[in-house]
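The values are calculated or read from the model by the stated rules, or taken from the named source; none is laboratory data. Since the model is a prediction, treat every value here as computed from it, not as a measurement. Please note: Cβ atoms are built from the backbone with ideal geometry, for glycine as well, and neighbour counts cover all protein chains shown.
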Amino acid sequence: MKLARLLALAVCVGLAAAAAAAEPYPTKPIRLIVPFAPGSATDSVARIVAQELSQRLGQNVIVDDKPGANGQIAAVAVARSAPDGYTLFMTTNTTQAANQHLYKSLPYDPVKDFDPVVRTGTLPFVLVVTPSLPANSTAELVAYARANPGKLTYAAASSTSLVGAETINTIGKVDLIRVNYKASPQAMLDLVAGRVQVMVADFTTAMPHVKAGKLRALAVTTAKRSALLPGVPPMADTLKGFDVTSWNGVFVPAGTPKEIVARIASDTLAALARPDLRQKLAVLGFEVDPLDTEPFGRYVREQIAYWGKLVRDAGIQPE
């Protein structure tokens, strides 16, 4: 009798597990973690994509900002989440490529702790200065900085803003002094107020202030001119070899079922193909340039090596 009860219990447990496995994904709201503050470029992109994914997946996709420690707080939260498709991570080269070289050790592994889903696109950055600074070009900024060593400060709010500014220091042979910020919107407030003078900033947070005349755009950080800001020259025109571009993509905790990854990737790519959504993202200064799961995984591995070179060439010592 006891054996029969045990067998019956085992059958019930097996049936329950099978039923759970057969449940269509998703059956509850999904959390989309962002490693930067509200109002940042990645947060702004995440909210547009999340709205579209909510409609396609039939469940709310809720953006959860976890800024701090250059994205490490959010990365750890995702790495420790259940690999069930209900925690997504929209992040950038900061957490998945640059941090590995900016810190002596990390509380997460950018490769082993995450599975790539899809690259959404690139985030061009722009060199901006306060209007009171007597510089209307990269060459004039470099000349002024050389004539006033150690007197100009720059805001660093992400790996791209940090590496971009330190690359200016290295190639331009100048001494811009770093001031660290938790997030780009906070840094932008101090830049507009003149408490810092220079920033390599993402288009999303910088361009409203440029258009309002509160900041001056000197150059884009991409190797070639950006279609989003065609009138502004690339920094490489003055500082040869300069090419610093941020990217954005979706990840999940390692071990997430492949069929769920495929579903998220398919719906994200379909959303990014819509002209109206691409236009919304372009207004933010975001260039849609998607990669599916496998090529995105290869791209991430290449970017880890690439950002390592950028960090070393900029002379940045890991913390």
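Annotations for the structure displayed:
- Where helices (runs of 4 or more DSSP H) fall entirely within the range 111-221, those with at least 2 residues that are out of contact with any Pro (no Cβ under 9 Å at 6 or more places or on another chain), under 21 Å from PHE36 (Cβ atoms) and in contact (Cβ under 8 Å) with a residue 24 or more places away in the chain are at 159-172, 184-193, 203-211.
- For the condition under 16 Å from VAL163 (Cα atoms), crowded, with 21+ Cβ neighbours inside 10 Å and not acidic (Asp, Glu), THR94 qualifies.
- Residue among ILE304, ILE264 that alone is farther than 21 Å from GLN55 by Cα, at pLDDT 95 or above and β-branched (Val, Ile, Thr): ILE304
- Here the condition is being crowded, with 20+ Cβ neighbours inside 10 Å and over 20 Å from the mean Cα position of the chain (by Cα); of VAL49, VAL129, it holds for VAL129 alone.
- Filtered by the rule that a residue be among the β-branched types (Val, Ile, Thr), touching a residue at least 12 places away in the same chain (Cβ under 8 Å) and farther than 18 Å from ALA97 by Cα, the range 266-319 gives THR268, VAL288.
- Residue-level check: of (1) under 19 Å from ALA265 (Cβ atoms); (2) surrounded by fewer than 21 Cβ atoms within 10 Å (Cβ to Cβ); (3) out of contact with any Ser or Thr (no Cβ under 8 Å at 6 or more places or on another chain), ASP64 misses just (1).
- The residue list PRO208, PRO275 contains one member that is surrounded by fewer than 18 Cβ atoms within 10 Å (Cβ to Cβ), over 21 Å from the mean Cα position of the chain (by Cα) and at pLDDT 90 or above, which is PRO275.
Residue by residue, here is whether (1) outside the structural domain of VAL200 (by TED's automatic domain parsing); (2) surrounded by fewer than 20 Cβ atoms within 10 Å (Cβ to Cβ); (3) over 23 Å from TYR306 (Cα atoms); (4) in contact with a His (Cβ under 8 Å, 6 or more places away or on another chain) holds:
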| site | (1), (2), (3), (4) |
| --- | --- |
| ALA145 | no, no, yes, no |
| ALA156 | no, no, no, no |
| SER159 | no, no, no, no |
| ALA165 | no, no, no, no |
| THR170 | no, yes, no, no |
| LEU176 | no, no, yes, no |
| LYS182 | no, yes, yes, no |
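- Some residue of the range 291-298 being surrounded by 15 or more Cβ atoms within 10 Å (Cβ to Cβ) and of a type in the set (Gly, Ala, Ser): yes
- Filter result (of a type in the set (A, V, I, L, M, F, W, C) and either in the same structural domain as SER158 (by TED's automatic domain parsing) or under 19 Å from HIS101 (Cβ atoms) (or both)) within the range 63-72: ALA69
- The single condition among (1) in contact (Cβ under 8 Å) with a residue 40 or more places away in the chain; (2) touching a helix residue (DSSP H, G or I) at 6+ places or on another chain (Cβ under 9 Å) that GLU259 does not satisfy is (2).
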